[in-house]
Amino acid sequence: MKKYDVIIIGGGPAGYKAAETLAGLKKKVCIVELSDSRVGGTCLNEGCIPVKAMIESAHLFHKMKNSSAFGIEAGPIKIDMEAVRASASGKMDMLRKALYSSLKRQGIDFIFGRASFVSENRIKIDSQESEAENFIIASGSSPRKLEIDGGDIVMDSAQILENGFHGNKLLIVGGGYIGCEFASLYRAFGKEVTVLETLPSLTSMEDDDVSRTLEREFKKKGIKIITGASLKSLSDQNGKTSAVIDRGILTEEAFDGVLSVVGRLPRTGDLNAAAAGLELLSSGAVKTDGSMRTNVPNIYAAGDVIDSPMLAHTAYREGLIAAEAIAGIKTREINYGAVPRIVFSFPQIGAIGMTEKVAASSGIETKVYKSFFAANAKTLIAGETAGFLKIISALEDGVILGAAAVGGEACELIHLLAPAVTRGMKVSEASEVMYGHPTLSEIVSDTLSRKAV
Ligand code: FAD
């Protein structure tokens, strides 16, 4: 039996970033992944990449339909959803193959199969056993199930990406970032989309002005939004799915399909965590400290499987920290207050740091700088004038606490504020930066030069 310095369970962003880091530090590393088609994890195979690849097609479709505003007559344009999905899966295949061969070239071994612990330094992969001095659990997350009558007839995000949606009328349960991305995607391709959210607004983690702008633009595009309401039950009726919705009164409506995106849960069920003496939280997440170490000294965990934002970029950073901690390198702990939050819907949302509502509930007085995309030359040229950027600073000392943008390219724009929020820059310091003209980026200096409220 080959003994490794480190075995990593899961080949997603947390797992492969940790593996690359350890291989670079000359450690003997092995990644255990369910199958070769899952290398790259949820992100590459059923998350970030396929959704964004299809959103790119939707964006192009929208541009082509509106090309006459730019003086271009494109003639009849039609969409072939199967070709859109094939285009996305071609890109995924390319990325997966490139990632796999790059990891192999770095000397990283792979074992394909389902891993579970036998003890704190031994795991079983199907019937085979392997040993290592250290382990990193990077087994990710899986979709939370809808606990209602008929909840098993919904599709989850992986299933809709795998099988497509062939009907016309789609109910999306969950108005978080994944729900909003799917709503934009299917609406852009001409489907009748309804988003149902229990909380009072879509993307409720963001400030009200951000959610309101998103909802207004969604409605303009014909997306139906039902907030403050819950799904009571689903039933199959002659090939359609009948949904009973509670909005104070019970209503019933038929859909061709229901997509459930009501959150994700850490995937620890298969790990036999007890055999290694691992402590889990009530959510099933693996409990870790700031260097990603669990309660068992030689076992670390990173990514969606721990209690932190379920995002690929946090998974990468946590994987890196776990790897460096194993190698005895002391790294800086993650500043979870400066994790970018990005939603690739139409319009996009980009946000980082504190929202106004969190500042208010923490008793922090703020000064808020805000300007609208309509006043920016580049958005006017691109025909994407809806939206705004706001920058939130502390009234006391002018330190930039957070920022949020909604509108075209907000996902890129927000990263211009990432250094300021990460390093706690003051408004006076951030104002020194000069931006090229005409760009969307210059909206940052325009915003900071406005009178704050
Ligand atoms: P994963 O990527 O889930 O990888 C874990 C791997 O472990 C899996 O491949 C699994 O097969 C394997 N595994 C699990 N158990 C075992 C076992 N017992 N033995 C062997 N292998 C095992 N994040 C963003 O930052 N930006 C986005 O735009 C974005 N879009 C998303 C869209 C959708 C539809 C979804 C579902 C998610 C999206 N995410 C996005 C979230 C992102 O995909 C995850 O945060 C990220 O993949 C987490 O990485 P991870 O390495 O922790 O886990």
Scan (1) assigned to a helix (DSSP H, G or I); (2) touching a Gly at 6+ places or on another chain (Cβ under 8 Å) for the single condition residue 52 breaks and write down its number.
(2)
Of the residues that sit in segment 419-435 and are in contact with a strand residue (DSSP E or B) (Cβ under 8 Å, 6 or more places away or on another chain) and open to solvent by less than 60 Å² (accessible area, probe 1.4 Å), which one is nearest to residue 338 (Cα to Cα)?
421
In segment 278-329, what count of residues is obtained for those that are farther than 15 Å from residue 14 by Cα, in contact (Cβ under 8 Å) with a residue 40 or more places away in the chain and in a strand (DSSP E or B)?
0
Residue by residue through segment 174-217, note down the ones that are of a type in the set (Val, Ile, Thr), crowded, with 21+ Cβ neighbours inside 10 Å, more than 14 Å from the ligand (Cβ to nearest atom) and closer than 22 Å to residue 54 by Cα.
193, 195
Taking residue 61 as the residue in question, decide whether it is farther than 21 Å from residue 162 by Cα, in contact (Cβ under 8 Å) with a residue 24 or more places away in the chain and loosely packed, with under 13 Cβ neighbours inside 10 Å.
no
Is there a residue being more than 10 Å from the ligand (Cβ to nearest atom), modelled with pLDDT of 95 or more and touching an Asp or Glu at 6+ places or on another chain (Cβ under 7 Å) anywhere in segment 133-152?
yes
What is the residue count in segment 123-133 for residues that are closer than 25 Å to residue 24 by Cα and surrounded by fewer than 17 Cβ atoms within 10 Å (Cβ to Cβ)?
2
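Got a sec? Which of 349, 400 is within 30 Å of residue 187 (Cα to Cα) and either open to solvent by less than 40 Å² (accessible area, probe 1.4 Å) or free of Cβ contacts under 8 Å to residues at least 24 places away in the same chain (or both)? Show your work before the answer.
Details: 400 fails: within 30 Å of residue 187 (Cα to Cα).
Just one listed residue meets the conditions, 349.
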Tally, over segment 220-277, of residues that are within 16 Å of the ligand (Cβ to nearest atom), open to solvent by 20 Å² or more (accessible area, probe 1.4 Å), in a loop (DSSP other than H, G, I, E, B) and not basic (Lys, Arg)
6
Please work out which one of (1) surrounded by fewer than 17 Cβ atoms within 10 Å (Cβ to Cβ); (2) out of contact with any Lys or Arg (no Cβ under 7 Å at 6 or more places or on another chain); (3) not in a loop (DSSP other than H, G, I, E, B) is the condition residue 118 fails and give its number.
(2)
Are any residues in segment 85-102 small (Gly, Ala, Ser), within 16 Å of the ligand (Cβ to nearest atom) and closer than 15 Å to residue 41 by Cα, and if so, which ones?
89
Answer yes if at least one residue in segment 250-263 is small (Gly, Ala, Ser), at pLDDT below 95 and more than 30 Å from residue 356 (Cα to Cα), and no otherwise.
no
Taking segment 103-115 and the residues there that are farther than 17 Å from residue 3 by Cα and either assigned to a loop (DSSP other than H, G, I, E, B) or in contact (Cβ under 8 Å) with a residue 24 or more places away in the chain (or both), the one that is farthest from the ligand (Cβ to nearest atom) would be 106
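Considering 370, 390, which residue is within 25 Å of the chain's Cα centre (by Cα), modelled with pLDDT of 95 or more and more than 13 Å from the ligand (Cβ to nearest atom)? Even if it seems obvious, please write down each step before you answer.
On the way: 370 fails: within 25 Å of the chain's Cα centre (by Cα).
Just a single option satisfies the conditions, and that option is 390.
With the requirement that a residue be of a type in the set (Lys, Arg) and assigned to a loop (DSSP other than H, G, I, E, B), what does segment 419-453 give you?
Of segment 419-453, the ones of a type in the set (Lys, Arg) are 423, 426, 450-451.
Answer for segment 419-453, where residues must be of a type in the set (Lys, Arg) and assigned to a loop (DSSP other than H, G, I, E, B): 450, 451.
Specify which of the listed residues (9, 31, 49, 55) is modelled with pLDDT of 95 or more and under 13 Å from residue 140 (Cα atoms). Break it down stepwise before answering.
Values: 31 fails: under 13 Å from residue 140 (Cα atoms); 49 fails: under 13 Å from residue 140 (Cα atoms); 55 fails: under 13 Å from residue 140 (Cα atoms).
From the options 9, 31, 49, 55, the qualifying one is 9.
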What is the one condition in (1) within 30 Å of residue 381 (Cα to Cα); (2) in a helix (DSSP H, G or I); (3) hydrophobic (A, V, I, L, M, F, W, C) that residue 72 does not satisfy?
(2)
Inside segment 1-43, can you point out the residues that are buried (at least 24 other Cβ atoms within 10 Å of the Cβ), over 20 Å from residue 101 (Cβ atoms) and more than 11 Å from the ligand (Cβ to nearest atom)?
6
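One line per residue, one yes/no per condition, for (1) at positive phi; (2) in a loop (DSSP other than H, G, I, E, B); (3) of a type in the set (A, V, I, L, M):
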| residue | (1), (2), (3) |
| --- | --- |
| 359 | no, no, yes |
| 364 | no, yes, yes |
| 368 | no, no, yes |
| 381 | no, no, yes |
| 393 | no, no, no |
| 401 | no, no, yes |
| 404 | no, no, yes |
| 417 | no, no, yes |
Flag for residue 153 being touching a strand residue (DSSP E or B) at 6+ places or on another chain (Cβ under 7 Å) and more than 20 Å from residue 348 (Cα to Cα)
yes
Answer yes or no as to whether residue 333 is at pLDDT below 95, more than 13 Å from the ligand (Cβ to nearest atom) and either open to solvent by 20 Å² or more (accessible area, probe 1.4 Å) or in contact with a Lys or Arg (Cβ under 8 Å, 6 or more places away or on another chain) (or both).
yes
Members of segment 393-419 that are over 24 Å from residue 177 (Cα atoms), within 27 Å of the chain's Cα centre (by Cα) and small (Gly, Ala, Ser):
393
Can you name the condition, by its number, that residue 82 falls short on among (1) within 16 Å of the ligand (Cβ to nearest atom); (2) open to solvent by 20 Å² or more (accessible area, probe 1.4 Å); (3) farther than 22 Å from residue 302 by Cβ?
(1)
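The values are calculated or read from the model by the stated rules, or taken from the named source; none is laboratory data. All values derive from a computational prediction rather than experimental measurement. Note: ideal-geometry Cβ built from the backbone for every residue, glycine included; neighbour counts use all protein chains shown. All accessible areas refer to the heavy atoms of the entire protein, side chains included, with ligands and DNA or RNA removed. Shrake-Rupley method; radii C 1.70, N 1.55, O 1.52, S 1.80 Å.
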